[in-house]
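Take a look at the structure below.
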Amino acid sequence: MNFRSTTILAALFVLLLYGGLILSILYFFDGKTLWESLSSARTLFSIRLSLLAATFATFLALLIALPAGYALSRFHFKGRQIIDTFLEFPMIISPAALGAVILIFFNNPLGDWIQEHLVTFIFSFAGIVLAQFVTITGVTVRFVKSAFDEIPHELETTARTLGASPWHSFLTVSLPLARRGIVAATILSWAKALGEFGATITVAGTMAMRTETLPIAIYMHLETADIKGTVALILILVTIGLSALFTTRWLLERNH
């Protein structure tokens, strides 16, 4: 077997692995159950809650990721390597452990003061957004940094020599050139937030019609051995996530 065939087989194995897992759940697929799920007020609430929370969390992550990713890409400063290492923090511990860390924070004096005087995070919508935000921010910064890394420094230097301020150069040169990478980072982060489970359930709980996101709804159905209902919700989540990813890929290729 030559090199080309070996690498293609490895790529096909990835497709077989994930595609096979998705196809395997169709054994328990039931159209009536899917329709009942889509007609259920509880399911519709979970879908709306998941979409809204993921959008808020991604927006907040981008507010941090754009300047942070640019700084890590362009500037050398004390603590840069430490910050770059901590971007992997949400990936080196389990989501449940990350949620536990958030819970512990809100049990110390500072966290308790925030809960009492500013925003209540535990068992609330704000807690869902916070859990997703903490989970995706590191990877969002990493993606945005990679997008800025691909832009030649000379283009920004030229803009500066022509009289552009740092902010003007960033907004008119760097940001437009990195837009493809930033769009991809946004959608991937949003999809990751949409499917977040461990940290969310630890911080926000499983209260129906209040903090039950779509992944939590899947867990609740599985806990009651409702396999057909679980499969229906999984298909809804997978459809939303894959649709967003394929749409993004299509838009990026069309713009290119």
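The values are calculated or read from the model by the stated rules, or taken from the named source; none is laboratory data. Everything numeric in this text was worked out from a predicted model, so none of it was measured. Note that each Cβ is placed from the backbone with ideal geometry, even for glycine, and that neighbours are counted across all protein chains shown.
Observations, loosely collected:
- Filtered residues of region 85-95 (kept if surrounded by 14 or more Cβ atoms within 10 Å (Cβ to Cβ) and assigned to a helix (DSSP H, G or I)): Pro90, Pro95
- The set of residues in region 217-256 being more than 16 Å from the chain's Cα centre (by Cα), of a type in the set (Val, Ile, Thr), closer than 30 Å to Thr120 by Cβ and surrounded by 14 or more Cβ atoms within 10 Å (Cβ to Cβ) consists of Ile218, Ile236.
- Test: residue in region 16-26 that is surrounded by 15 or more Cβ atoms within 10 Å (Cβ to Cβ) and assigned to a helix (DSSP H, G or I): yes
- Filter result for Lys192 (among the charged types (D, E, K, R), in a helix (DSSP H, G or I) and farther than 26 Å from Ile92 by Cα): no
- Out of Leu38, Leu23, Leu34, Leu9, sole residue that is without any contact (Cβ under 8 Å) to a residue 24 or more places away in the chain and either within 29 Å of Ala217 (Cβ to Cβ) or within 28 Å of the chain's Cα centre (by Cα) (or both): Leu23
- Among (1) in a helix (DSSP H, G or I); (2) touching a residue at least 60 places away in the same chain (Cβ under 8 Å) - the single one Gly138 does not satisfy: (2)
- Of all the residues in region 213-242, those that are over 16 Å from Glu196 (Cα atoms) and of a type in the set (A, V, I, L, M, F, W, C) number 5.
- Phe77 surrounded by fewer than 11 Cβ atoms within 10 Å (Cβ to Cβ) and assigned to a loop (DSSP other than H, G, I, E, B): yes
- Test: residue in region 69-78 that is hydrophobic (A, V, I, L, M, F, W, C) and at pLDDT below 90: yes
- Any hit, region 204-213, residues being on the phi < 0 side of the Ramachandran plot, buried (at least 19 other Cβ atoms within 10 Å of the Cβ), touching a residue at least 12 places away in the same chain (Cβ under 8 Å) and not in a loop (DSSP other than H, G, I, E, B): yes
- Residues being surrounded by fewer than 20 Cβ atoms within 10 Å (Cβ to Cβ) and either of a type outside the set (A, V, I, L, M, F, W, C) or farther than 11 Å from Tyr70 by Cβ (or both) - total across region 172-185: 8
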